[in-house]
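Step one of this worksheet: look at the structure below.
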Amino acid sequence: MLLWDIWRVSLWLAAASVAAMLLLVLRRVIQTGAARRHERLRAAASMVLLDYIDRTADAAAVRQAAGGNDHIVGDLIFEMRQIMRGEGAARLVELAMACGGVEVERRNLASRNPGTRAEALRRITIYGDEALPALHAALGDPDPMVRTAAAVELTAMDSAPPLALLAGHMRVGVDTSSEDLRRIFRRAVEAEPRAAIAMLVDGATPDELRQLVIDGLGHAGDYQALPIIDAMIYHANPEVRAETLRALASLGHPQSGAIAIEALRDPDWRVRSQAANCVRRIGAAAAVPALVPLLDDEQWWVRFRAAEALATLSDDGRSRLAAVATHGDRPGQVAQLVLAERGLA
Amino acid sequence: MNVDWAALWPWLEDIAVGVALLVIVTGLLQNLLSLVQLGLAYRTLRRRLVEPRSSTLYGRVSEVAMPISLLAPAFNEEATIAESIRSLLALHYPNFEVIVVNDGSKDDTLKVLIDAFGLRPVTRAFESAVPHRPIRGVYGSRDYPRLLVVDKENGGKADALNAGISVCRTPLFCAIDADSILEPDALLRVVQPFIDDPLRTVAAGGTIRIANGCKVRAGRIVEVGLPTRLLPLLQVMEYLRAFLMARLAWSEVNTLILISGAFGIFRRAEAVEVGGYTLGTVGEDLEIIVKLHRLMREQRRDYRISFIPEPVCWTEAPETLAVLGRQRSRWQRGALETFAKHKDMMVSRRYGRIGIVGMGNVLLVDVLGPLIEVIGYLLVPVFWALGLLSLDYFLAFVAVTFTFGVSVSTGALILEELELKRVTGPRGLVVLLVAAVVENFGYRQLNNFWRLRGWWQWLRKSEAWGTMTRRGFATAT
C-alpha cells in the first residue's frame, strides 16, 4: 500500500508542479503584455511628472498619465527624488502624499517580512520629516537588518538619535555587526564627541561598541579625544588595541608616537602590525630602533609593515633596512623585497 | 549440476525486495531533502532585501566596502584572456585589484597579457603563505594600476589560486575562472554578507549561470538567451536547481559546503589558516569550504558561509557528451576525495549540523546516491520482469528515480519565476519547463553513469583533470 502511495504522490506532485508552472507561464504572458503597457504608461507619466515639477501640470494629470496606477507614480517619485533637491524634491513629496504614498509605506512597515519592512524604510525617507517617527520606531525592530536600515536612513537625514540611545537600539555585538555601523557611528560620534568619550571611559561598554566609537573618534579628527584613545592601547582585548592604533594612525598626531612605539612590543601580532603601520603614518622617526627587531617577527604582516615603516620613516630607517637587506635570512628577505618594491634596492 | 530454482526462488525474492527497498528508501530520502531545500530557499528569497539599482548599491557600499583581490588563474587562454581581463577591470567596485595567475601556460597567454596591458616586471613583496609552485615573475602596468600578473610554474588550478592568495594583500579575495564573465555589479552584491555580518562571514558564493545562447560583446553579456542545443539547455535546469535551491537552502541553515570555484569570495586570513586550496585534488572548491567548516568548528568560532542568489557569473557549459561526461566524472571524484578525507566530521558531535546535514548530504547525494540509483536501473526492471518483484515495487522505483525528479526540477523553476524572474519571456519558461521534465528521462540516468565512472576513477586513484573543450562565447554584432 505504501509503495502505491509513493507512486501516487509522485504523480500528483509532478502533475501539480507542472500545472502550477503552466499557470505561471500564463501569468507571464499576461504580465508581458501588462509590462509593455506599464512601460508606456511609465514613460508618459515621467514626462508629465517633469511638467508637474515645473508647475505646468497638476497631480491629477500625472495620475491620469499613469493610467491611475499609483504604483507607477510612486516608483517614479522615489527614483526621481534620489537625484533631485530643493523645490523639485518638495514638489515630488507633495505629489507622493497626494497619491497616499506614506500610507502605502506605513502598511509595508507593518509587514511580517523584514525585507519588505527594510525596503519601506528606504522609500519612506523621501517624505522627509514626515518619515522620522516611522524611522525612529523602526530602531526598535526585532530584526537587525531593519534596525540597521533605519539607522542608515536616519544618519543620512542627519536625524539619528543621541549616541547613547543609538548604541542601545543597535545592540552592537549582540545581534548586529554590520559594516554599515561604522558609517552610522562615525557620524554619531562626530556629532557627540563628549558622549563618545564617556562611552570609552565606561568600563561596561561592550568591546564591539568600543571599537566603533574608537573608529568614529579617529575619523572625527578631534584631538581632544587623543588622551582617552591613547588609554585604550592598554585594553585587554587585542582587537580594541588594534582599532586604537588604526584610529591613532587616522589622527596622525605626533603625541601618539610614544604609545604606538610601545605597542610594537605587544604580544598580539595584529596589534604589532597595526603599530608598525601607525608609526609610519604618524611619522614617528623615534620608532626606528624598535622596528628593526620586528623584521624577524614570526608573522609576515608584522615583518612587512615594519619594513615599510623603516623604508618610509627616515634616512636612518632606510639605511638600517638596506644593511639588513645584505643578509639572506628572514629579515634580509623582507628588507630586500620592500626596498625593491619601492625602487630603493 | 541442476539448480533447484524452486528452492532458490524465495531467496531471490528476498534479495530483489531488499535491493528495491534500498533504492526506494535512498531515492525517497534524496527527494525529501530536495523538498526541504525548496521550502528553505523559498523562505530565504521571501525575506531578503535586494537593491535592484546597482548605482544606488554602489553609493551604499562604497564607504564600507572591503578591498578585494580577484584571483583569475589562467592556463592556455591566449585567445580570450585579454578580453576577459578587460571585462574584470571594468567591474563596478570601489576598491579591487585583479591578479591573473598564469599557471605555466604552454601557449602565449603571458605574451598576450604583456602586449595588451603594457606589462613590465615589478617587485611585489609577499610571503608564500600557502603552498604553491615557484613564481617566476610578477608583472604590473602603469596604465592599469589595478592589474597584477603572476607568472608561475604549472601546478594546476588550486596551485595557481594559492599563488594568488600568497601575493594578494587584501582582507578578501575572490576566486574566479578567467574564462567566466562576471556581471558588472557582481562584486558589489556578493560582498554584502561581509558588510552585513563582517565578524562572522568567512566565505560567500554567487550564482553561476550558463552563457551558452547568450550574446557577448567586449566581455559582457549583452543579450540573455537560452541555449539552442539540448545538452547545455538541460544544464541550465541543473544549475538552477543546484544554485537556487540547494545552495540557497543550505546557506540559510549555515550548512553550505560548496561554493563554486568559478565565483567565490573568501576572507584571506581564514583561507590561509586552512592552508589554502588543497593541491592534487580535483574538487578544490568543495575541499576548501569543508576545511573552513572544520577549522571554525574545531576552534568553536561563530561563523557564516553564505550564498547570495543575485550575483551572477556566466560560464560556458560543455556541449558534447564526451566533455560533459569528463566534467561530471571529475566532480564525482572531487566529492569522493573530500568525503573520504573528512568523513570523520559526520560522526563527531563537535561538527554539529555540518557533520550531520552537510556531510550527510554528501554521503546521500554524492557518495551513495549514484551507486544505488545505478544498481536500481540495472536490477529493479530485471527483477520485475522476472516476476521477483511486484508492480508496486517497480512503480515506487519509477517514482523516486523519474517522477519525483520532475516535481523537484519544476519546483526550482517555479521558485525562479516567483522570486527572481530572470528567464526571458514566456517562451523561455516553456522551454525550461520541457527541459525540467525531459531531463529526468535519460539525462539524469546518464549523469549517474558518469558519476559511477568517477567512482571507478577514484578507486583507481586517477588524478587526471580531463580536457575541457570550449567553443567560446557567441559574439554579438
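Please treat every number below as a calculation from the coordinates, not as lab data. Small disclaimer: the values here were computed from a predicted structure and weren't measured. Every residue, glycine as well, gets a Cβ built from its backbone with ideal geometry; the counts of neighbours run over all protein chains shown.
Results, tabulated for the structure shown:
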quantity	calculated
Cα-projected label distance for A:Leu26 with A:Ala198, points at 7 Å along beta-carbon direction, nm	6.5 nm
Sorted peptide list for A:323-331, B:334-342, criterion being average Cβ within 10 angstrom, highest first	B:334-342, A:323-331
Hull volume in cubic angstrom per residue (convex hull over the Cα atoms of region A:43-88)	60 Å³
Projected-area average for region B:1-76 over all orientations - Cα convex hull basis, square nanometres	13.9 nm²
All aspartates and glutamates inside 16 Å of B:Lys215 as judged from Cα atoms, apart from same-chain residues fewer than 8 positions distant	B:Glu83, B:Asp179, B:Glu183, B:Glu223, B:Glu316
Stokes-Einstein D for region A:176-320, Kirkwood Rh over Cα pairs, 10 °C, 1.306 mPa s (µm²/s)	104 µm²/s
Region A:102-241: C-alpha gyration tensor shape, a/c 1.5 cut-off, then a/b vs b/c	prolate
Total formal charge among the other residues, if their Cβ is under 12 angstrom from that of B:Asp115, Lys/Arg +1 and Asp/Glu -1	0
Extended-chain gain in nm, criterion 0.36 nm per residue less alpha-carbon gap, B:Leu368 and B:Arg43	114.1 nm
Shape call, region A:207-272: gyration tensor on alpha carbons, a/c limit 1.5	oblate
Residues B:Glu298, A:Glu192, sorted so that the one with the fewest Cβ neighbours within 10 Å comes first	B:Glu298, A:Glu192
Alpha-carbon centroid distance for the pair region B:297-352 / region B:379-407, whole angstrom	30 Å
Ratio Rg/Rh, restricted to chain B and using Cα atoms, in which Rh is the Kirkwood radius	0.99
Pairs of alpha carbons in the protein assembly as shown whose separation is greater than 41 Å (percent)	43 percent
Label-point gap, in nm, between A:Asp268 and B:Arg142 - each point 7 angstrom along Cα→Cβ	4.4 nm
Inter-chain shielding of B:426-435 (mean C-beta neighbours from other protein chains, 10 Å cut-off)	4
Residue-span extension gain [A:Arg37 to A:Asp207] - 0.36 nm each, minus C-alpha spacing	55.7 nm
Cα principal axis extents for region B:229-329, largest first, Å	48, 31, 18
Normalised convex hull volume, region A:123-179, alpha-carbon set, Å³ per residue	78 Å³
Ratio Rg/Rh, restricted to region A:236-314 and using Cα atoms, in which Rh is the Kirkwood radius	0.92
Euclidean distance between Cα centres, region A:157-172 to region B:67-102, Å	41 Å
Mean Cβ neighbour count within 10 Å, used as a protection proxy, ranking B:112-118, A:233-239, A:243-249 highest first	A:243-249, B:112-118, A:233-239
Per-bin percent of Cα-Cα distances, region B:153-312 [10 Å]	10, 38, 36, 15, 2
Dimensions in Å of region A:27-135 - Rg and Dmax from alpha carbons	14.4, 42
Tensor-based shape of chain A (alpha-carbon gyration tensor, a/c under 1.5 rounded, otherwise prolate or oblate)	prolate
Charge tally in the Cβ shell below 13 Å around B:Arg46, where Lys, Arg are +1 and Asp, Glu are -1, B:Arg46 excluded	+2
Extreme residue, positive dipole direction of region B:340-434, given options B:His342, B:Leu395, B:Leu368 (C-beta unit charges)	B:His342
Inter-chain Cβ neighbour average for residues A:180-189, partner chain, 10 Å	2
Sorted by Cβ density within 10 Å, fewest first, the residues A:Met47, B:Met66, A:Met232	A:Met47, B:Met66, A:Met232
Between region A:29-47 and region B:188-264, the alpha-carbon center distance in angstrom	30 Å
Sorted largest first, extent of region B:17-149 alpha carbons per principal axis (Å)	68, 44, 31
Inter-chain Cβ neighbour average for residues A:297-305, partner chain, 10 Å	2
Cβ-based net charge around B:Ala218, under 9 Å, with every Lys or Arg adding one and every Asp or Glu removing one	+2
